[in-house]
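This report concerns only the one structure given below.
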């Protein structure tokens, strides 16, 4: 019920109370995790086809299938999180082009269509057409993986979700998960040189993401009181302290160490262990960063 009309702006205040509790639950965590893998493997395939075409050529069909599956998981959990999932068609029919959800829905649907076409071209062994479409699919994968950062940045009352840092984290998550998944999927298809390249991408992505998280952890409280209050949930034995540090160790610190060990010992098993830890830990990291700002009362 409207209880106040501001004559100066003709704005109508229909709700002037914070929504209590968690609005974005674990469904959104799965959403972001699956999207990172779905876009990340496309980034890695594009890179490998240009650096190691003979080995990577055999990964065209498997990569298209993996990306197709994980993007569908991303869309499924996005739909499941909607308060009115059976009205999702309104997004396409009554589009609001100032909403990240509307823009992201169109981009993700187009991306899924391109993945379907890539899978068909790989199955038909039309590799020339596959590579042409892969270029445009890779370009579209960039805004698709950035879409969630834009959505989170629209939550203006959540200072921890700033667009510049979240954009960087979304890209790094895609590179990290894509390289990790490709290391596991490559198996005997990729040679040691190609796997070392994927290890470098994984290690550098982990390093840069870890630096950003630590910068927010240490210097974020200087930016705003809300950030300081939010970070308290992971500092000094806060509610998410243990999960936060488990995620940092599993996703970033241990994989970086294992990648260095794998290069010195030339052990593929250690490299695969780093990839598994990065994939599992990424879900934990994303979940903590999604939850803690929502624990802070908005009033």
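The values are calculated or read from the model by the stated rules, or taken from the named source; none is laboratory data. What you see is a predicted model, and the numbers here were worked out from it, not measured in a lab. No Cβ is skipped: glycine too gets one built from the backbone with ideal geometry, and neighbour counts run over all protein chains shown.
Mind listing whichever residues of the stretch 124-144 are surrounded by fewer than 17 Cβ atoms within 10 Å (Cβ to Cβ), over 30 Å from residue 169 (Cβ atoms) and in contact with a helix residue (DSSP H, G or I) (Cβ under 6 Å, 6 or more places away or on another chain)? Once the filter is applied, which keeps residues that are surrounded by fewer than 17 Cβ atoms within 10 Å (Cβ to Cβ), over 30 Å from residue 169 (Cβ atoms) and in contact with a helix residue (DSSP H, G or I) (Cβ under 6 Å, 6 or more places away or on another chain), the stretch 124-144 yields only 129.
Given the structure, is residue 291 part of a helix (DSSP H, G or I), under 17 Å from the mean Cα position of the chain (by Cα), modelled with pLDDT under 90 and over 20 Å from residue 44 (Cα atoms)?
It is true that residue 291 is part of a helix (DSSP H, G or I), under 17 Å from the mean Cα position of the chain (by Cα), modelled with pLDDT under 90 and over 20 Å from residue 44 (Cα atoms).
When 117, 43, 74 are checked against the criterion of being surrounded by 14 or more Cβ atoms within 10 Å (Cβ to Cβ), within 24 Å of residue 283 (Cα to Cα) and at pLDDT 95 or above, a single residue qualifies: 43.
Filtering the stretch 176-197 to residues that are farther than 13 Å from residue 58 by Cα and surrounded by 24 or more Cβ atoms within 10 Å (Cβ to Cβ) leaves 176, 177, 178, 179, 180, 181, 183. The number of residues in the stretch 145-165 that are over 23 Å from residue 73 (Cβ atoms) and surrounded by 21 or more Cβ atoms within 10 Å (Cβ to Cβ) comes to 1. Within the stretch 210-231, the residues that satisfy the criterion of being free of Cβ contacts under 8 Å to residues at least 60 places away in the same chain and either within 21 Å of residue 26 (Cα to Cα) or surrounded by 17 or more Cβ atoms within 10 Å (Cβ to Cβ) (or both) are 210, 216, 221. For the residues 270, 284, 259, 292, the requirement of being free of Cβ contacts under 8 Å to residues at least 24 places away in the same chain, touching a helix residue (DSSP H, G or I) at 6+ places or on another chain (Cβ under 6 Å) and buried (at least 18 other Cβ atoms within 10 Å of the Cβ) singles out 270. Based on what the data block shows, is residue 108 closer than 24 Å to residue 177 by Cα and at pLDDT below 85? Spelling it out, it is not the case that residue 108 is closer than 24 Å to residue 177 by Cα and at pLDDT below 85. For beta carbons closer than 6 Å, sequence separation of 6+ or different chains, a first residue in the stretch 123-144 that is without any contact (Cβ under 8 Å) to a residue 40 or more places away in the chain and on the phi > 0 side of the Ramachandran plot and a second that is assigned to a helix (DSSP H, G or I) and surrounded by 13 or more Cβ atoms within 10 Å (Cβ to Cβ), there are no qualifying pairs. Is there a residue in the stretch 217-226 that is under 19 Å from residue 167 (Cα atoms) and either more than 24 Å from the chain's Cα centre (by Cα) or at pLDDT 95 or above (or both)? Yes; the residues of the stretch 217-226 include at least one that is under 19 Å from residue 167 (Cα atoms) and either more than 24 Å from the chain's Cα centre (by Cα) or at pLDDT 95 or above (or both). Given the criteria modelled with pLDDT of 75 or more and either surrounded by 12 or more Cβ atoms within 10 Å (Cβ to Cβ) or within 23 Å of residue 60 (Cβ to Cβ) (or both), does residue 95 qualify? Here the answer is no, as residue 95 does not meet what is asked.
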